[in-house]
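The values are calculated or read from the model by the stated rules, or taken from the named source; none is laboratory data. Just so it is clear, the model here is predicted, and its values are computed rather than measured. Cβ placement follows ideal geometry from the backbone for every residue including glycine, while neighbour counts extend to all protein chains displayed. Side chains included, ligands, DNA and RNA excluded: accessible areas come from the protein's heavy atoms. Shrake-Rupley method; radii C 1.70, N 1.55, O 1.52, S 1.80 Å.
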Amino acid sequence: MSEPLLEVRHLSKNFGAVQALQDVSLAVAPGEVVALAGDNGAGKTTLIKAISGVYRPSSGEILLKGQPVDFGSPQEAREQGIETIYQDLALADNLSIGANIFLGREPMRRAFGFLPVLDRRKMAEAAKETMALLDFHVNRMEAPVSNFSGGQRQAVAIGRAVYWNAQILIMDEPTAALGVPEQRKVISLIHQLKAQGRGVIFISHNLQDIFAVSDRIVVLRRGVAAGERRIAETTHDEVVKLMVGG
Amino acid sequence: MTSSPQPPAPGSSGSGPSADQIAIAPPADHGAGKLSLLQQIALLRAWLFLAALILGFEIWARADFGGTFLFNPFNVQSIAIFAVVPLLLAAGQTFVIISAGIDLSLGFIMGLAAVVAAHTVNWAGGFMSPPMAVVMGVCAAIAVATIPGLINGLLVARLKVPPFIGTLGMFGVCRGAAFLLANGTTVPVRNSALSAIGNGRFMNVPYIVIIAVVFVLILHYLLSQTRFGQHNYAIGANEQAARRAGIDVKGHLTKLYVLSAVCAGLAGFLYTARFSAGAAQAGEPLLLDSVAAVVIGGASLFGGSGTILGTVAGALVIAVIQYGLVFLNVKPFWQFISVGVVIIISVLIDQAQRNYGGGRQSE
Ligand SMILES: Nc1ncnc2c1ncn2[C@@H]1O[C@H](COP(=O)(O)OP(=O)(O)OP(=O)(O)O)[C@@H](O)[C@H]1O
Ligand SMILES: [Mg+2]
């Protein structure tokens, strides 16, 4: 395994008296997909929020390409190439794919040589290329994203991360709200990200999905790491046992 | 639709525009800005509605007394002048409504600005040339308007007060302040330059119409072509998404309410110029008209959609109804009924269209 992109060492997080995470370690290499599994309340969301700068860990450290980092906000994590895709996707439904990809960082051009205006053509072209990179071919570039299906919207959210060159993508239950064909599409999106050498951490309750796309699985149980397995060397049964304990 | 006994009631053809009505409607092309299909339809609908309304009044006028409604330059000019002040309020309101807010204080911010403009022009006229005194008046009107605008912005953005409540509070504050400053009456102004602006014309177009058109074009540019406008749409649709994308939502909302207040400030100044008097209650009936114009123009009160060009059509629809009914000697109370009915119908059509042609509603 090459040098990890991201390393989490002995991370603990408590909310008052609630110990949500205790001494959890995790590593992600370039081009590696790591699945996070565990029962409800096991601490999966808390772990990715600590990585993406939403929560500060109570103790432990996070290293990015070997350097310790300490993110004060999700923005800081994003600037360092860690992009989180939340379940609600955080898209502005009334705007086009391009406008969503560039939201908050819109490119401008000069009309008539002096008047600054939004460069919609650039946004549309970049959106088209990015979506093609993810093997999503859209021709209605002006349509608001509310017109697209759940899987396509997921692709837009991932596309935004890819366009801004995220090295690590974190996804919280990316397939949970989708129908089966759309789930397949998202799984193939994750394969694309892996092929591009990015690191992916994704949370899922669906073992089928986990076995279809990940290299390793980390199982949490009541805030502690219950076990870590290479997918090639484990079975559904073993993972379920790790999740429920015993 | 205007509840008139007369056949063909204005606007009754709103549901099925005929070929020649489409021909009168302005082209659906609106600059370089690309709107989503739904927004284009909403915009086109507002202009078609206006065209149908004018056509209805034209037929009515001819049937009733053999005269023309539209081809009377006096009518066109009167409607334009009549529409200026409500349009400015509505343009500011458009930005706020797209952000999923509302500004209830605009009417009395306008009244406050009108009174302050009147006092300032009078005072400055004592030791300055009339045109310089007018410049002072504009600056004072806009400056005083930014104060309640800033407070609205801070209340909504920083203190998380719902826009409806925060701006309702400023509605009361500005109302009281305006009446106090006006001493409970109107404030007459004697200034030759001011009445020249309020009543003068350039090539037969009233100055105040020119001022309003230029200002509204700037607002159109701001909404459709700049980051500020783009962020406004994003915040209206999904504030959390905007925040996660790194947009300074608090800063944006603060600027937004200052912007709408500045529109009201300019409206107050133009009111004072037009009537050579400032009045605290100048904008009172115009607040709801401004909301109506925005809704008729195709915006959703839930935020995220709307255009300045649609609002222009909406403001003109209201002005045409109000002026047209007076022109046709209909009792003025029918105006309220007609505008009310038009608002409800606009919203119903909009909802039907969203459900029918709005594409899939995701999750
Ligand atoms: N902000 C918070 N304040 C207090 N307790 C919290 C907070 N966030 C999470 N917890 C607690 O921490 C524990 C882990 O929660 P977390 O959301 O990380 O679980 P999860 O593994 O993502 O569960 P699920 O599968 O249901 O999404 C739970 O006991 C939860 O109640
Ligand atoms: Mg969770």
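Data for the structure
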| quantity | calculated |
| --- | --- |
| All lysines inside 20 Å of A:K49 as judged from Cα atoms, apart from same-chain residues fewer than 8 positions distant | A:K13, A:K65 |
| Share of pairwise Cα separations in the protein assembly as shown, more than 48 Å, in percent | 27 |
| Bridge type composition, the protein assembly as shown - antiparallel percent by DSSP, nearest 5 | 60 |
| Accessible-area composition of chain A, carbon plus sulfur, in percent [1.4 Å probe] | 48 |
| Exposure rank, largest accessible area first [B:M136, A:M243, B:M203; 1.4 Å] | B:M203, B:M136, A:M243 |
| Exposed trypsin sites (Lys or Arg not before Pro) absent: longest stretch of chain B, with sites in DSSP loops and at most 15 other Cβ within 10 Å deemed exposed | B:191-359 |
| Relative contact order (%) - criterion: Cα under 8 Å, at least six apart; region: chain A | 27 |
| Percentage relative contact order, region B:216-352, counting C-alpha pairs under 8 Å, at least six apart | 20 |
| Most mobile of B:F49, B:F171, B:F202 in a GNM of chain B (Cα contacts under 10 Å) | B:F202 |
| Largest-first ordering by accessible area, 1.4 Å probe, given options A:R222, A:R78 | A:R222, A:R78 |
| Solvent-accessible surface (1.4 angstrom probe) belonging to B:S290, in square angstrom, nearest 10 | 0 |
| Residue of B:F164, B:F269, B:F71 that the Gaussian network model of chain B assigns the largest fluctuation, springs spanning Cα pairs under 10 Å | B:F71 |
| Potential extension, B:V161-B:F302 segment - 0.36 nm per residue separation minus Cα distance | 49.1 nm |
| Proximal lysines to A:K194, defined as alpha-carbon separation beneath 16 angstrom and excluding residues fewer than eight positions away on the same chain | A:K185 |
| Apportionment of accessible area to carbon and sulfur, chain B, percent (1.4 Å) | 70 |
| Shielding score for A:207-213, defined as the mean number of other chain Cβ atoms within 10 Å | 0 |
| The protein assembly as shown - charge dipole about Cα centre, Lys and Arg +1 at Cβ, Asp and Glu -1, debye rounded to 20 | 760 |
| Protein heavy-atom accessible area occluded, B/A pair - total, 1.4 Å probe, Å² | 2400 |
| Gaussian network model of chain B, Cα within-10 Å springs - most flexible of B:A113, B:A313, B:A124 | B:A124 |
| Ranking by accessible area, most exposed first, for B:W47, B:W334 with a 1.4 Å probe | B:W334, B:W47 |
| Accessible area (Å², per residue) of region A:157-237, counting only protein heavy atoms and a probe of 1.4 Å | 41 |
| Dipole axis of region A:123-234 (+1 Lys, Arg; -1 Asp, Glu on Cβ), positive-most option in A:F148, A:L133, A:Q167 | A:Q167 |
| Computed [θ] at 222 nm, helices only, for the protein assembly as shown once each DSSP H run of length n ≥ 4 contributes -39500 (n - 2.57) | -18000 deg cm²/dmol |
| Probe 1.4 Å, protein heavy atoms only - accessible area per residue of region B:36-356 in square angstrom | 40 |
| For region A:105-132, residues shielded by at least 40 square angstrom of accessible area compared with the chain on its own, probe 1.4 Å | A:E106, A:L118, A:R120 |
| Mean separation of Cα contacts under 8 Å (6+ apart) over length of region B:36-356, as relative contact order % | 33 |
| Region B:132-190 and region B:242-299: distance between their alpha carbon centers, rounded to Å | 11 |
